[in-house]
Amino acid sequence: PAAAVLFGAVGAALTARVGRAPAIALAVLVWAPTGASLAGLRGAYRAGVPDRATLELVDFLAARPDRGIVLAGPMLGHWIETYGRHPVIANSIHTNRAGNNDFARFCLTAEDPLAAAMLARRHVRYVVVGEDLLLDIQQAALALHVNAGRYLAPSGEAVVWTEAGRRLILSRLYFDEGKGLSRFRPVFASTVRAESPPGPRYRVYEVAEGRR
């Protein structure tokens with residue numbers, strides 16, 4: 001099926017780009033729908049210790065004077081909660097399916113009012129977006145039974161963003177630095193650089209007071 005081809009292409013692209021040893025997190029099964037193939041995810045997830053970019057991210061969050069709720073990908077949730085000392089919406093090692101599904105819905109949101117409603121309902125203070133966005137979008141589509149091909153398309157051995165994919169809120173936060181999204185204030189960008197797409201490994205945005 002096209003979804004399986006795209007899923008495999010995403011995994012292959014990330015494996016080639018990240019270049020880390022294969023490490024499939026069992027907890028992904030909590031988020032992914034039952035029966036979803038995990039073959040394409042080999043190499044996409046980091047091993048059981050945080051890398052330098054992740055440590056830099058959690059150190060930044062730990063130094064913040066508040067303990068606001070963080071919206072970030074499930075694979076970052078554990079590190080943010082444990083080392084960054086912030087509560088998270090999504091986490092790959094818990095069974096809070098509602099939180100993980102809310103993150104998935106946010107991933108596929110292109111309308112600012114819909115994003116604002118979700119942020120307000122969950123009292124989100126920080127949004128983290130990073131180079132794993134492509135995988136987050138793919139997993140969100142699988143979790144919500146949506147055709148990922150609307151947002152991502154295989155192109156040879158690569159995966160490219162469709163026009164609809166580039167309109168997603170998280171895509172605009174990562175690729176366009178939040179231009180035109182006034183409720184998000186940039187507060188952090190990794191010094192560790194991603195290769196593809198080029199840019200900071202992670203960006204953090206604070207949701208403006210009165211706009212959550």
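Quick notes
- Taking all protein chains together and a 1.4 Å probe, the residues ARG85, ARG201 rank ARG85, ARG201 from largest to smallest accessible area.
- Solvent accessible area, Å² - ASP176, 1.4 Å probe, full protein context: 60 Å²
- Among the GluC sites (Glu not before Pro) within region 124-198, those in coil by DSSP and having at most 14 neighbouring Cβ atoms inside 10 Å are GLU157, GLU195.
- Probe 1.4 Å, protein heavy atoms only - accessible area per residue of region 49-174 in square angstrom: 42 Å²
- Share of Cα-Cα pairs in region 75-161 lying beyond 23 Å, as whole percent: 25 percent
- Global form of region 63-212, assessed from the alpha-carbon gyration tensor, a/c cut-off 1.5: rounded
- Surface composition of region 146-212: carbon and sulfur make up 45 percent of the accessible area, probe 1.4 Å.
- Database remark: amide H of GLY178 closer than 5 angstrom to the amide H of LEU173 (H placed geometrically; neighbours at sequence offset of 5 or more, or on other chains; Pro and chain starts carry no H).
- ARG167 accessible area, assembled protein chains, probe 1.4 Å, Å²: 120 Å²
- FRET efficiency for ASP176 and ALA117, using Cβ-Cβ distance with R0 set to 22 Å, rounded to 0.05: 0.50
- Long-range HN-HN contacts of VAL160 with modeled amide H, under 5 Å: ALA153, SER155
- Grouping the Cα pair distances of region 103-142 into 5 Å bins from zero gives a pair-distance distribution of 6, 22, 31, 25, 16, 2 percent in increasing distance order.
- Length gained on full extension, THR191 to ARG97, computed as 0.36 nm times the residue gap minus the Cα-Cα distance: 30.6 nm.
The values are calculated or read from the model by the stated rules, or taken from the named source; none is laboratory data. Quick caveat: nothing in here was measured; it's all calculated off a predicted structure. Please note: Cβ atoms are built from the backbone with ideal geometry, for glycine as well, and neighbour counts cover all protein chains shown. Keep in mind that these areas ignore ligands, DNA and RNA; they rest on the heavy atoms of the full protein, side chains included. Shrake-Rupley method; radii C 1.70, N 1.55, O 1.52, S 1.80 Å.
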